[in-house]
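Notes follow once the structure below has been shown.
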Amino acid sequence: MSQQSLPDAIARRRTFAIISHPDAGKTTLTEKLLLYGGAIHLAGSVKARRAERHATSDWMKLEQERGISVTSSVMQFEYAGFQINLLDTPGHEDFSEDTYRTLVAADSAVMLLDNRKGVEERTRDLFEVCKRRRTPIFTFVNKCDRVGEDPLKLISDVEADLGIACHPITWPIHRDGVFVGVYDRRQKQIYLFDRGEDHGASRATVTAGTLDAQEIRDLLGPSAHDQLMHDVMLLDEAGHPFDHEAVLRGELSPSFFGSALTNFGVEPFLREFLELAPPPLPRESLQGTVSPADEAFTGFVFKIQANMDPRHRDRVAFVRVCSGKFTAGMDVTHVRTGKSMRLAAPQQFLARERSAVEEAWPGDVIGVHDRGTLRIGDSLSSGPAIEFQGIPRFAPEHFARVVLLDPMKRKQLDAGLRQLTEEGAAQVFFTSPTETVSPTPIVGAVGQLQFDVMLHRLEHEYGVRCRLERISGRYPRWVVGPDEEIERIARERGRMLIYDVKGHPMLLFEDQWGMRWVMDRETGIEFHEVAP
C-alpha cells in the first residue's frame, strides 16, 4: 500500500467526462487517450469492428453490435504522474439521464466538436448542464484531418453560440490543404505528425521544434509557415488572453485541435489538459461544503450497473470518492438508512475490466459489490453523516406497457425491471400506488432507444422475451396534492394517472396544450418535472 499523503493524492487526480453530439468521435478520442496513457497498446476504433476489435469503453454486447455507446463507463489510468479518472458517457440523446448523472461525478468536462459542424444540439444541451454546475469546460475540435470550417470562424461560432470565451492552446497546421500538425501556444512548440500505416492503432510519429527552427520551416514550406505565423500573431493580438482562474470558473474554455482517428494533436492536448484541469473540487452537501482534504472518507453513488460480468450476475455501485482516504474493507455509514456497511473487495475499472484496489482518494471512482442496498444518489461516510445533494431523476418522454410473451417468466421479468429501475436504465410505473407487481407494468424512457436496450437486456440477461405496447401519453408531471383532486383531474379524456416505484403519483397527458391547461387552472396541485 502506498504511503502518499492526502494533499499529494488530491493534486495528482483528474476526474473528467467527455461530452459531445453523436458521431463527433467521442469513443475514438477516449480510446486514443487510453493509448497515450499506456492503458492499452493497440487502439480498437469503432471503424475497425469488422476485424472484431471493439472500443474499450463500449463493453456491452449491444454497443458492440450497433457501434454506439449506450451506457457510461469508467476508465482509470496514469499518465505523466497524474492519476486519471475518465468518465465516458453515452453520446446518444436517448441516454441523456445517464450522462447527467455522470457529469455530477466529474470535476471538469471536455467538449468534443466536429470541425465541420461546430456546436450541435446535443452539445448545446450538455454544455448548459455543465454551465449550471460551473464545471470547467475544455474544447477539443476533432476530425481536423478532414476539410472543415475555418478554425477562426469555428472558435468565433462557439463563443457566440454558447456564450463562453475560448482561448486556443493548440492551433492546427495545414500544408497544401492537409492537416499535418499543431502549434502549442503555451509551450511555443510545433508538433508535426506522420500518418502511419495502421490507421491510428498506434502512436503517431512526431517531429517537434520551434517556430523559427530551420527543420520545421523546411518541412512546412514557406506558404504553410507564413500562414501559421500570421494565425499565431492574430491570436496573440485579438484573441482572449489566457486566465486560469476564468477557466476554473467555467468562463473561459481552453481549446485544442486534432484528429482522434489519426492521433494528430491528441498527446499535446492530453499534456496541456492535465496541467490546466482542476484537481478534485469541494462538494456541496446538506451539511455544508465538503473539502476533498477532509480526513473522513465520503462519497456518493452516481451509477449502478448489473451484469457487467454475466457469468456471475453481479451488481456494482460506482462510488465517486469526495474526501478522505478510502481503504478496502472499511466500515461506512449508509446515510439514507443510517446503517453501517462494509465496503469489501472494491475495484477500479478499465470499462468492463476490473482490478482489486486497496485504497482510493478524492476524485477516484471505485466499484463496490451491492446486493440491492444502494441506490443512485446515496451518500457514504466514515465520519459524521454527510448527505450530498441528490441526483435528479427526470421525467420520461416515452411510455409503454410491457407484455410478457411467456407467462411462466413473470418472476424473471419483475427481477429484471426492478434491476433496470435501480440502475436508472428505465423507470417502472403502476396503475395503483400499492402495486409492486402488475400484469402489464408500464415502463418509461427518456428516449426511444432506451426501449430497445431494455428489451435486449431483459432477453439476454434475464431470459425474458417481451413486446411493448406504446402509450399515447407523452407529457408527464409528478403531482403533489389531495388524492381525490388528483384522481378527479385524471378522469378527464387525454390523461392517465400512474404511480412510480415509490408510490408518487404522476399525471400523463397526451398533448402539451392539455397539460398546460390543467396546470394553469388546478392551483391546488403542485406539478413537478423532476421526481419530488
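General remarks:
- Using a Förster distance of 41 Å, the FRET efficiency for ASP331-ALA208 (Cβ separation, nearest 0.05): 0.20
- Above-threshold pairs, the threshold being 21 Å between Cα atoms, out of LYS131/LYS188; LYS32/LYS143; LYS26/LYS188; LYS303/LYS502; LYS26/LYS117: LYS131/LYS188; LYS26/LYS188
- Modelled this way, with points 7 Å down the Cα-to-C-beta line, the labels at ARG493 and GLN412 are 4.3 nm from one another.
- Calculated [θ] (222 nm, deg cm²/dmol) that DSSP helices of n ≥ 4 give over the chain, each run adding -39,500 (n - 2.57): -8000 deg cm²/dmol
- The length gained on full extension between VAL129 and VAL178, counted as 0.36 nm times the residue separation minus their Cα-Cα distance, comes to 14.1 nm.
- A convex hull fitted to the Cα coordinates of the range 242-303 yields 153 cubic angstrom per residue.
- Per-residue Karplus couplings for the range 262-278, computed as 6.51 cos²θ - 1.76 cosθ + 1.60 with θ equal to phi - 60°, are listed in order as 9, 6, 6, x, 6, 5, x, 4, 4, 4, 5, 4, 5, 6, 9, 5, x Hz, Gly and Pro entered as x.
- Using 0.36 nm per residue and subtracting the Cα-Cα separation, the extra length available between ARG470 and LYS188 on full extension is 95.7 nm.
- Estimated FRET transfer efficiency (GLU78, GLU121; beta-carbon r; R0 51 Å; 0.05): 0.90
- The chain, dipole about Cα centre (Lys/Arg Cβ +1, Asp/Glu Cβ -1), debye to the nearest 20: 1520 debye
- In plain terms, the chain from THR431 to HIS460 could stretch by 7.7 nm, reckoned as 0.36 nm per residue minus the Cα-Cα distance.
- Amide N of the range 176-202 lying under 11 Å from the label point, which is placed 7 angstrom from the Cα of SER223 along Cα→Cβ: 176-178
- Amide H within-cut-off set for LEU261, under 5 Å, with H built and near neighbours excluded: LYS143
- Taking a sphere under 14 Å around the Cβ of GLU251 and counting the other residues whose Cβ falls inside, with K and R at +1 and D and E at -1, yields a net charge of +2.
- Calculated P(r) of the range 257-379 - Cα pairs past 19 Å, %: 55 percent
- Spatially proximal aspartates and glutamates relative to LYS153 (Cα-Cα < 18 Å; intrachain offsets below 8 disregarded): ASP114, GLU120, ASP145, ASP161, ASP231, ASP236, GLU237
- Between MET233 and ASP520, the simple label model (points 7 Å from Cα in the Cβ direction) yields a spacing of 6.1 nm.
- Computed over the chain: relative contact order in percent, which uses C-alpha pairs under 8 Å that are six or more apart: 13 percent
- Tilt relative to the chain, helix 151-162 - C-alpha long axis, 0 to 90 degrees, to 10: 30 degrees
- Protection proxy ranking, peptides 500-509, 220-229, average beta carbon neighbours within 10 Å, highest first: 500-509, 220-229
- Counted over the chain, the DSSP beta bridges are approximately 80% antiparallel.
- Panel values: the range 454-499, Kirkwood radius from alpha carbon pairs, Stokes-Einstein at 4 °C and 1.567 mPa s, translational diffusion coefficient 96 µm²/s.
- Degrees separating the helix 222-238 axis from the principal Cα axis of the chain, which is the longest one: 60 degrees
- 20 Å-binned pair-distance histogram of the chain (Cα, whole percent): 21, 51, 25, 3, 0
- Taking only the C-alpha atoms of the range 474-532, Rg followed by Dmax gives 10.2, 28 Å.
- In this structure, ASP150 and GLU484 have a Cβ-Cβ separation that, at R0 = 60 Å, corresponds to a calculated FRET efficiency of about 0.40.
- Average projection area in nm² (convex hull over Cα atoms of the range 366-412, one quarter of hull surface): 6.2 nm²
- Distance in nm between pseudo-label sites at ALA293 and PHE527 (7 Å out along the Cβ direction from Cα): 4.9 nm
- For GLN83, the residues 5 or more places off, or on other chains, whose built amide H falls under 5 Å of its own are ARG13, ARG14.
- Here the contact order of the range 453-532, divided by its residue count and restricted to Cα pairs under 8 Å and six or more residues apart, works out to 34 percent.
No lab work stands behind these numbers, since they all come straight from the coordinates. Owing to the predicted nature of the structure, the values given are computational and were not obtained by experimental measurement. Positions of Cβ are generated from backbone atoms using ideal geometry, with glycine treated the same way; all protein chains shown enter the neighbour counts.
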